[in-house]
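Undergrad: Could you have a look at this structure, given as C-alpha cells, before my questions?
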Amino acid sequence: SALDNGFKKIGFYIASPGGEAMGMEGLVNYIHSLSANGISTFSFTDQLMASAAYGISSATQRRYAMPTSKSGSIGTILTLMDMTERDKQDGISYMIMRSKDEKALYNPHEKISKEVIAKAREEMMLLDASFNNLVNKTNPNLSIDKIISLKGNAFYGEEALSLGLVDQLVSGFDEVLAIESASMQKKKPFYTGKKTMNEEELI
C-alpha cells in the first residue's frame, strides 16, 4: 500500500517472538530490495524482536530499540511430539500407513525413533544455516561466526546495541519518528502503516 501510494520511507513496528521459517526469506529479501528502488526503511521495537521477527528487522536499513526491549534469537527450533502414552490412556491405537517410507515421519502418534531425531536435526540445521546467511546478508555487521556465537539468545537494549543487533537505542517511537523525519530533505509524506503524516506532524 505504501509503495502503491508513492511513499519513499517505510517504518516497521515489530513486537513479536517470531514465527515460521517458511515464507520469511522471501519477505526479508523483498524488504531488503526496496533500497535499490530508492525506498528508505527502518524498524523499531519497544518489546520483543526475536527469531523470524528479528529476521524481518534485519532487512531494514536502520534498527531502533528501547533499552528494555529484547532483540535477537537468531536460530531455529523444531518440536517433536510423542503422544503414544496419552493414546494408550485414551484407549486409542493408531496404524500409520505410508505410500513412501519417509512420508510424515513426525507423526505424534508414533514413537520417536533415533532415525526420526537425526532427520529432524538435519532439517533444523539446514534452516538455521539459511537463517544465518540471510541475516548476514541483510545486516553485514553480523558475521556468520558472530551470529553462531550468540547461541540463539535475545539481548536487552544496551547489549543488543553493542553486539550490532540494533543500530540505536531510543526513548520511544516518537523519538524514532523525529530522527527519521529529520533525515527527510523535502516535506514528503511519511508512512507508518497506520497514518500518513508530514514533517510538521512528526516534529
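Undergrad: With r as the distance between the Cβ atoms of Asn107 and Glu159 and R0 = 41 Å, compute the FRET efficiency 1/(1 + (r/R0)^6) and round to 0.05.
TA: Numbers: r = 41 Å, r/R0 = 1.00.
For Glu159 and Asn107, the calculated efficiency is 0.50.
Undergrad: If you take the beta carbon distance between Lys119 and Gln47 as r and set R0 to 25 Å, what does 1/(1 + (r/R0)^6) give as a FRET efficiency, to the nearest 0.05?
TA: Values: r = 35 Å, r/R0 = 1.41.
Once rounded, the FRET efficiency stands at 0.10.
Undergrad: Residues in the range 102-129, backbone N under 12 Å from the label point at Met83 (7 Å along the Cα-to-beta-carbon vector): list them, ranges by number please.
TA: Those under the cut-off are 107-110.
Undergrad: Considering only Tyr30, Ser130, Tyr106, whose Cα is most displaced toward the positive end of the charge dipole of the chain, charges sitting on Cβ of Lys, Arg (+1) and Asp, Glu (-1)?
TA: Highest projection toward the positive end goes to Tyr30.
Undergrad: For the range 146-181 and the range 1-25, write down the distance between their C-alpha centroids in whole Å.
TA: Here the two parts' Cα centres lie 18 Å apart.
Undergrad: Right, here's the next one. May I ask you to give the solvent-accessible area per residue for the range 64-176, in square angstrom, as obtained with a 1.4 angstrom probe? Provide the component values of the computation, followed by the final result.
TA: Values: 7430 Å² over 113 residues.
So the range 64-176 comes to 66 Å² accessible per residue, rounded to a whole number.
Undergrad: I'm checking a number: the convex hull volume of the Cα atoms of the chain, normalised per residue, in Å³. What is it? Walk me through the numbers before you get to the answer.
TA: Values: hull volume 34.4 nm³, N = 203.
Once divided by residue count, the hull of the chain is 169 Å³.
Undergrad: If you don't mind, another one. Which of the peptides 156-167, 85-96, 20-31 is most tightly packed, and how do the rest follow, judged by the mean count of other Cβ atoms within 10 Å per residue? Let's see the in-between values first.
TA: Details: 156-167: 18.5, 85-96: 9.7, 20-31: 14.4.
Taking the mean over residues of other Cβ atoms within 10 Å, the ranking is 156-167, 20-31, 85-96.
Undergrad: Right, next: Give me the dipole magnitude in Debye, nearest 20, for the range 1-78 about the Cα centre, with unit charges on the beta carbon: positive for Lys and Arg, negative for Asp and Glu.
TA: 280
Undergrad: Holding the Cα-Cα limit at 24 Å, pick out from Lys103/Lys151; Lys9/Lys151; Lys119/Lys146; Lys8/Lys70; Lys70/Lys146 the pairs that are longer than that.
TA: Numbers: Lys103/Lys151 32 Å; Lys9/Lys151 33 Å; Lys119/Lys146 27 Å; Lys8/Lys70 28 Å; Lys70/Lys146 18 Å.
Pairs exceeding the cut-off: Lys103/Lys151; Lys9/Lys151; Lys119/Lys146; Lys8/Lys70.
Undergrad: Another question, then. Which whole DSSP H helices in the chain pass both tests: a Cα extent of 30 Å or more along the axis and a mean Kyte-Doolittle value no lower than -1.0? All intermediate terms of the calculation are to be shown ahead of the outcome.
TA: Working: long enough: 114-138 (36 Å, -0.24).
Span-like helices here: 114-138.
Undergrad: Let me ask something else about it. State to the nearest 20 debye the size of the charge dipole of the chain about its Cα centre, where the only charges are +1 on K and R beta carbons and -1 on D and E beta carbons. Please list the in-between numbers first.
TA: On the way: 22 positive and 25 negative charges, 79 e Å.
Charge dipole of the chain: 380 debye, to the nearest 20.
Undergrad: May I ask for the Rg/Rh ratio of the range 1-101, computed from Cα atoms with Rh as the Kirkwood radius, given to two decimals? Walk me through the numbers on the way to the answer.
TA: Numbers: Rg = 20.4 Å, Rh = 16.5 Å.
Rg/Rh: 1.23.
Undergrad: Expressed in nm to one decimal, what extension gain is obtained for the pair Lys146 and Ser1 from 0.36 nm per residue of sequence separation less their Cα-Cα distance?
TA: Working: separation 145, 0.36 × 145 = 52.20 nm, distance 3.58 nm.
Gain on extension, Lys146 to Ser1, equals 48.6 nm.
Undergrad: Measuring from label point to label point, each 7 Å out along Cα→Cβ, what is the Glu25 to Ile96 span in nm?
TA: Rounded to a tenth, the inter-label distance reads 2.6 nm.
The values are calculated or read from the model by the stated rules, or taken from the named source; none is laboratory data. Everything quoted here is computed from the prediction, not taken from an experiment. Here the Cβ is made from the backbone with ideal geometry for all residues, glycine too, and neighbour counts use every protein chain on show. Heavy atoms of the whole protein, side chains included, go into the accessibility calculation; ligands, DNA and RNA do not. Shrake-Rupley method; radii C 1.70, N 1.55, O 1.52, S 1.80 Å.
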